[in-house]
Amino acid sequence: MDKIRCVWAGNDALYQAYHDEEWGRPEHDEQKLFELLILEGFQAGLSWITILRKREDFRSCFEQFDYRKLAEWNDQQLEACMLNTKIIRNRLKINAVKTNAQAFMKIQEKFGSFERYIWSFVDFQPIKNHFNQPNELPAATELSMEISRSLKKAGFKFIGPTIVYAFMQASGMVNDHVKNCFCY
């Protein structure tokens, strides 16, 4: 018997595995949270499946999203990414990886961990929404706007309210699986 999933998972096996095993599940690992932030920034203006299909190439290019290493990257390392045809080659987004790694570490220093900082916005508990149809899901919320402002103030780039809300969904800060989805 087929599982009932959120419509966006479609019939693509990669997309379905992402939906079933990752999206909406609470993530607390620092490096995985950083990866999600970066990938959501790269996704801006594109479809998530495009990023998902390139995720391993992004990981390879960006040192498995080791923010400690990325914070120390030099111009030559950033420029090498611009030549990598396997990832999205947007100079502003690529340069933001280093900037965001540095901002990520500053938040860790200030709050003890990025996880503690980001999850404090939802009182350390996922928000479980109760949507019946995918068209009910918001692109951004007041909370994603608040988090976006906070991240921008901390020095992050490519972190607008829509990107933040997508990050919140991906990291499980909000559960936006529709009610008839088996992951709800």
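Can you confirm whether Leu70 is on the phi < 0 side of the Ramachandran plot and either of a type in the set (Val, Ile, Thr) or without any contact (Cβ under 8 Å) to a residue 60 or more places away in the chain (or both)? Don't jump to the end; show me each part of the working.
Numbers: on the phi < 0 side of the Ramachandran plot: yes; either of a type in the set (Val, Ile, Thr) or without any contact (Cβ under 8 Å) to a residue 60 or more places away in the chain (or both): yes.
Yes, satisfied.
For the stretch 138-183, which positions are under 22 Å from Gln16 (Cα atoms) and surrounded by fewer than 17 Cβ atoms within 10 Å (Cβ to Cβ)?
Across the stretch 138-183, the qualifying residues are Pro138, Ala139, Lys179, Asn180, Phe182.
Please give the number of the condition Ala103 fails out of (1) of a type in the set (A, V, I, L, M, F, W, C); (2) within 30 Å of Asp123 (Cβ to Cβ); (3) over 15 Å from the mean Cα position of the chain (by Cα); (4) in a loop (DSSP other than H, G, I, E, B).
With respect to (1) of a type in the set (A, V, I, L, M, F, W, C); (2) within 30 Å of Asp123 (Cβ to Cβ); (3) over 15 Å from the mean Cα position of the chain (by Cα); (4) in a loop (DSSP other than H, G, I, E, B), Ala103 is out only on (4).
If a residue has to be under 16 Å from Ala139 (Cβ atoms) and more than 13 Å from the chain's Cα centre (by Cα) to count, how many in the stretch 165-177 make the cut? Break it down into steps so the answer makes sense when it comes.
Taking the stretch 165-177 first, the residues under 16 Å from Ala139 (Cβ atoms) are 165-170, 173-174, 176.
Going one step further and asking which of them are more than 13 Å from the chain's Cα centre (by Cα), we end up with 176.
Summing the residues that are under 16 Å from Ala139 (Cβ atoms) and more than 13 Å from the chain's Cα centre (by Cα) in the stretch 165-177 gives 1.
Given the options Ala96, Ala44, name the one that is surrounded by fewer than 18 Cβ atoms within 10 Å (Cβ to Cβ), of a type in the set (Gly, Ala, Ser) and under 19 Å from Phe34 (Cα atoms).
Ala44
For the stretch 116-134, check the following and say yes or no: at least one residue is under 18 Å from Gly41 (Cβ atoms), out of contact with any strand residue (DSSP E or B) (no Cβ under 7 Å at 6 or more places or on another chain) and either among the small types (Gly, Ala, Ser) or surrounded by 17 or more Cβ atoms within 10 Å (Cβ to Cβ) (or both).
Yes - at least one qualifying residue is present in the stretch 116-134.
Would you tally the residues in the stretch 2-34 being part of a loop (DSSP other than H, G, I, E, B), touching a Gly at 6+ places or on another chain (Cβ under 9 Å) and free of Cβ contacts under 8 Å to residues at least 40 places away in the same chain?
So the count comes out to 0.
Does Phe62 meet the test of being touching a residue at least 40 places away in the same chain (Cβ under 8 Å) and either crowded, with 16+ Cβ neighbours inside 10 Å or closer than 21 Å to Asn129 by Cβ (or both)?
It is false that Phe62 is touching a residue at least 40 places away in the same chain (Cβ under 8 Å) and either crowded, with 16+ Cβ neighbours inside 10 Å or closer than 21 Å to Asn129 by Cβ (or both).
If you go through the stretch 117-138 one residue at a time, do you hit one that is at positive phi, out of contact with any helix residue (DSSP H, G or I) (no Cβ under 8 Å at 6 or more places or on another chain) and not aliphatic (A, V, I, L, M)?
So far as the stretch 117-138 goes, yes, one or more of its residues are at positive phi, out of contact with any helix residue (DSSP H, G or I) (no Cβ under 8 Å at 6 or more places or on another chain) and not aliphatic (A, V, I, L, M).
Over 26 Å from Cys6 (Cα atoms), in a helix (DSSP H, G or I), under 15 Å from the mean Cα position of the chain (by Cα) and in contact (Cβ under 8 Å) with a residue 24 or more places away in the chain - does that describe any residue in the stretch 35-46? Talk me through it step by step, then tell me what you get.
Residues of the stretch 35-46 that are over 26 Å from Cys6 (Cα atoms), as a first pass: none.
For the stretch 35-46, residues over 26 Å from Cys6 (Cα atoms), in a helix (DSSP H, G or I), under 15 Å from the mean Cα position of the chain (by Cα) and in contact (Cβ under 8 Å) with a residue 24 or more places away in the chain: absent.
For the stretch 71-95, which positions are of a type in the set (A, V, I, L, M) and outside any loop (DSSP other than H, G, I, E, B)? I'd like the intermediate steps shown before the answer.
Residues of the stretch 71-95 that are of a type in the set (A, V, I, L, M), as a first pass: 71, 78, 80, 82-83, 87-88, 92, 94.
Listed by number, the residues that qualify are Leu78, Ala80, Met82, Leu92, Ile94.
Laboratory data are not the source of any read-out in this text; all were calculated from the coordinates shown. Keep in mind it's a predicted model, so treat the numbers as computed, not measured. Cβ sites come from the backbone with ideal geometry, for glycine too, and all protein chains shown count toward neighbours.
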